Every structure is written in structure tokens, then in C-alpha cells.
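Report on one structure; see the data block that follows.
The values are calculated or read from the model by the stated rules, or taken from the named source; none is laboratory data. Keep in mind it's a predicted model, so treat the numbers as computed, not measured. So basically every Cβ, Gly included, is an ideal-geometry build from the backbone, and we count neighbours across all protein chains shown.
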């Protein structure tokens with residue numbers, strides 16, 4: 001890379017762009033390395049109950065190797081504590097928990113004239129859960145470099161040993177496939193379409209929820225469309241994405257996300273964002289209406305010891321959610337940048353789109369703060 | 001049956017994109033890609049922030065994934 005003695009902010013941004021993997025112009029390996037550090041503070045609540053709180057420092061490193069190779073790695077720890085309802089959003093009897101999750105991943109990428117190939121591995125450990133994953137992903141560029149095809153295959157193997165010993169030595173194995181295409185439509189427009197399919201079998205129930213018995217097989221499909229447009233006159237970029245999701249539990253979901261990246265003088269960037277989400281309930285989710293003789297948390301007609309699939313997990317209900325965020329970033333010089341992001345999230349049954357949401361659930365609210373820096377080397 | 005559906009979806013996806021790629025827009029030349037090299041024009045954004053968000057959303061919503069393969073699971077969902 002050609003280093004000017006007095007690099008401009010624009011050049012610094014361009015330099016940062018060249019470091020990122022899996023981008024549309026990634027036919028050449030990165031020439032400089034990068035290290036990023038971030039810290040997340042997350043807390044959620046519902047009326048009458050402070051729920052989960054998370055502190056999560058993380059680090060990522062990108063290192064170019066021997067001209068045509070790059071190694072990327074990241075590590076994080078999640079310190080998770082707080083309360084979680086045992087069924088629906090019931091405050092009474094909510095379980096208290098504290099856990100430390102450690103997770104990391106590493107990938108090696110080989111850059112060739114017509115594309116790339118990457119091999120990745122990931123792991124995650126908690127005191128009652130361990131996950132290991134492998135992935136292989138390749139890209140192929142068209143001759144004019146305006147279209148990039150992406151193909152990927154991955155697999156994960158999870159081991160589950162809940163502390164309440166409701167089950168022991170359970171597991172879950174998943175295979176996932178990806179096919180996508182990125183296309184440069186104009187000098188100011190780029191779009192990407194990605195399809196993924198995931199097929200898993202094993203233990204999907206939540207051992208800490210009451211009356212929770214889920215199928216031992218789950219197929220998931222997603223279709224993700226993303227579009228970025230550059231407004232040169234405004235020195236701004238719009239980033240749009242839409243994801244359709246469906247699975248064999250009967251859940252279907254729509255996610256619409258948008259960001260407006262506004263560049264300002266002095267290397268400042270101001271990015272407001274909005275995310276809209278809506279999901280249909282799983283077919284075995286039941287509303288908070290309980291049997292006359294058994295009472296909560298058992299649904300009417302519940303058979304003790306039966307094999308019927310049931311769940312009162314709020315995450316499988318029908319609801320809508322809105323996230324509003326703001327990110328402020330500052331490019332200090334050619335090598336250093338810092339950023340701060342604030343987000344507010346709320347989900348409610350009444351906010352479900354394209355149908356009625358699940359009744360009787362308390363709204364869930366969350367606030368997150370992310371602060372970080374990146375250093376090029 | 002599920003696999004056949006997935007294959008059909010991929011083929012439909014390929015056909016759609018091939019059609020879009022071949023529409024009347026003239027090909028963008030290498031010297032016209034300066035704006036596309038900006039960080040905010042990259043399809044994939046901040047890696048660590050994306051991991052945070054995907055992890056958090058996967059812990060409180062049923063839908064997850066869509067942009068990658070081989071991610072590790074967790075006990076949060």
C-alpha cells in the first residue's frame with residue numbers, strides 16, 4: 001500500500017476497507033493487519049422484572065500472510081447474569097442464573113486471481129453447553145469482477161448438560177449450506193442475495209423452561225437481500241436489508257433493517273439505524289391460558305408424561321419487535337478509529353405484522369451499549 | 001423432500017440473479033468503483049458488532065442466521 005506522509009481521512013477509510021474479508025473487491029489479500037477491541041453492555045427488562053444482563057469484551061485480529069493468505073480470529077467472553085421467566089413472561093418463580101460464556105473463531109483464507117477459499121472453525125463453551133463448528137466457504141468472481149458467487153458448507157456439534165440434570169449428555173448436530181451472489185449494479189449500487197439452509201437434529205428443548213418439549217429435528221431456511229446505495233452529493237450511504245426466515249417448528253419471520261451512514265467533517269461518522277422484526281409463533285407454542293384443574297403452567301388438556309410438543313417460551317410466540325440505534329464513529333488518523341453505538345429494543349405481541357401476535361405477554365425491552373476501537377498495523 | 005425444496009430455491013435464486021445481472025445496466029468499469037470501496041459500502045459491516053447483534057437477537061427471537069455458515073451455537077436459545 002502506498003503510504004502518503006499526510007494521509008487524508010478518506011485514504012484512511014479506504015485503507016480500512018481493503019482490510020476487511022469477504023468483500024466484493026476481495027480478489028487480493030489484505031496488505032495490512034488490523035486489531036479491533038469492543039466492549040458490550042446489555043441489559044433487558046420487562047415490567048416488574050430486571051432480566052438478563054451481559055458484559056462482553058471481545059477482540060478480533062486480521063493478519064495478512066505471505067501475500068496470498070490471511071488469518072482472521074476473534075475471541076469473546078460473555079458474563080451473563082440475571083433472571084429469566086420459566087414460562088411465558090411470568091415474573092413469579094423466574095429462574096436466577098449466572099454464567100460465563102467463552103467463544104472464539106479462526107479462519108484461514110487463500111486469495112486466488114478468480115476468487116477465494118476459506119476454512120473456518122468456531123467454539124463456544126458455557127458451564128452447561130459446548131459447541132464446536134467447522135466451515136468451508138468459497139467465492140468465484142466473474143471476469144469483469146462485478147459479480148461474486150459465494151458457496152459455503154458448515155457443520156456444528158453441540159453438547160448439552162444442564163445443571164438441573166433434567167437431561168444429561170444430550171447433543172445437537174447441525175449441517176448448514178449457503179449460496180449467494182453479490183453484484184455491482186452501478187458505480188453507486190451494490191446488492192447481495194444469500195440463501196441458507198440448516199438441518200439439525202438432537203435436543204432443542206429448553207431445560208430451564210417448564211412444560212417445554214420440542215421436536216428433535218429442526219430445518220431452517222433463510223433468504224437475505226441486502227442493498228447499499230451511495231449518495232455522493234450528501235456524502236452518505238444507505239444500507240438496506242431484508243431477511244425472510246422459516247423453520248420446521250412453524251416459525252416464519254420477516255426482518256427489515258436500514259442504516260443511514262452520514263459522513264461529517266473531521267473524520268466523524270453518524271449512523272442512525274432502525275430494525276423491524278416480526279415472527280409467527282411455533283405450531284406447538286401455547287398461549288398463557290392454563291388448564292382449569294391443573295393451573296399454570298400447564299395448558300388445557302395437558303397430559304403428564306405425554307409426548308406432545310409444547311412450549312411456553314416467549315421466544316417461540318408470535319410478536320413484533322423494533323430496534324432503534326445510533327452509532328458515532330471517529331477516524332482519528334490513518335491507523336486509529338473509535339466508535340460508540342447505542343441501541344434500544346422492544347418486543348410486543350401486538351406488534352406482529354401480517355397477523356395477530358400472541359396475547360398475554362409482557363413487553364420485553366433491552367438496551368445495549370457498544371464501545372470499541374480499531375488499529376491498523 | 002426438504003433437500004429438493006432447498007435445491008429448487010437455490011436454482012430459483014441463481015436464475016433471478018442471473019436475470020438481474022444481465023439486465024440493461026452497462027457493466028461497471030474498474031475505474032468507476034472508487035465509491036464502492038468505501039467501508040460503508042461493504043455488504044458486511046463491522047465484524048464484532050455483527051457477532052454481538054446476531055448473538056443477542058438469537059437469544060430472544062426464534063429466527064437466526066442468514067449470512068454465514070458454521071457459526072457456533074450457544075445455550076442461550
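Restricting attention to the range B:52-77, the residues that are within 7 Å of chain A (Cβ to nearest Cβ), out of contact with any helix residue (DSSP H, G or I) (no Cβ under 8 Å at 6 or more places or on another chain) and under 21 Å from residue A:39 (Cβ atoms) add up to 3. No other residue among A:143, A:170 is surrounded by fewer than 16 Cβ atoms within 10 Å (Cβ to Cβ), more than 21 Å from the chain's Cα centre (by Cα) and either more than 7 Å from chain B (Cβ to nearest Cβ) or at pLDDT 95 or above (or both) apart from A:143. Taken over the range B:21-50, the criterion of being surrounded by fewer than 21 Cβ atoms within 10 Å (Cβ to Cβ), more than 7 Å from chain A (Cβ to nearest Cβ) and either under 26 Å from residue A:78 (Cβ atoms) or touching a residue at least 60 places away in the same chain (Cβ under 8 Å) (or both) is satisfied by B:45, B:50.
As a summary of the residue check, residue A:306 satisfies the conditions (1) surrounded by fewer than 17 Cβ atoms within 10 Å (Cβ to Cβ); (2) touching a strand residue (DSSP E or B) at 6+ places or on another chain (Cβ under 6 Å) except for the one numbered (2). Considering only residues that are more than 8 Å from chain B (Cβ to nearest Cβ) and either within 20 Å of residue A:152 (Cβ to Cβ) or free of Cβ contacts under 8 Å to residues at least 24 places away in the same chain (or both), which ones fall in the range A:192-202? The answer is A:200, and nothing else. Just one residue in the set A:133, A:168, A:179 is in contact with a helix residue (DSSP H, G or I) (Cβ under 6 Å, 6 or more places away or on another chain) and free of Cβ contacts under 8 Å to residues at least 60 places away in the same chain; that residue is A:179. Total residues in the range A:243-262 satisfying the condition of being outside any strand (DSSP E or B) and either more than 9 Å from every other protein chain (Cβ to nearest Cβ) or within 15 Å of the chain's Cα centre (by Cα) (or both): the figure is 1.
Taking residue A:15, is it surrounded by 14 or more Cβ atoms within 10 Å (Cβ to Cβ), within 13 Å of chain B (Cβ to nearest Cβ), modelled with pLDDT under 55 and assigned to a loop (DSSP other than H, G, I, E, B)? Criteria not met by residue A:15. If you check residue A:132 against the conditions, is it facing chain B (nearest Cβ under 8 Å), within 17 Å of residue A:208 (Cβ to Cβ) and under 18 Å from the mean Cα position of the chain (by Cα)? Taking the combined requirement at face value, the residue does not satisfy it.
Residue-by-condition table, conditions (1) on the phi > 0 side of the Ramachandran plot; (2) buried (at least 21 other Cβ atoms within 10 Å of the Cβ); (3) assigned to a strand (DSSP E or B):
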{"residue": "A:269", "(1), (2), (3)": "no, yes, yes"}
{"residue": "A:275", "(1), (2), (3)": "no, no, yes"}
{"residue": "A:281", "(1), (2), (3)": "no, yes, no"}
{"residue": "A:287", "(1), (2), (3)": "no, no, no"}
{"residue": "A:342", "(1), (2), (3)": "no, no, yes"}
{"residue": "A:360", "(1), (2), (3)": "yes, no, no"}
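Note on the range A:337-377: among residues that are away from chain B (no Cβ under 13 Å), out of contact with any helix residue (DSSP H, G or I) (no Cβ under 9 Å at 6 or more places or on another chain) and in contact (Cβ under 8 Å) with a residue 40 or more places away in the chain, the one that is farthest from residue A:269 (Cα to Cα) is A:355.
Among the residues making up the range A:368-377, those that are surrounded by 14 or more Cβ atoms within 10 Å (Cβ to Cβ) and closer than 25 Å to residue A:47 by Cα are A:368, A:370.
Answer yes or no: is there a residue in the range A:282-290 that is facing chain B (nearest Cβ under 8 Å) and touching a strand residue (DSSP E or B) at 6+ places or on another chain (Cβ under 7 Å). Yes: one or more hits.
Flag: residue A:151 does not match the condition of being under 30 Å from residue A:95 (Cβ atoms) and touching a residue at least 12 places away in the same chain (Cβ under 8 Å). Among the residues making up the range A:89-129, those that are surrounded by 15 or more Cβ atoms within 10 Å (Cβ to Cβ), closer than 30 Å to residue A:297 by Cβ and more than 14 Å from every other protein chain (Cβ to nearest Cβ) are A:90, A:94.
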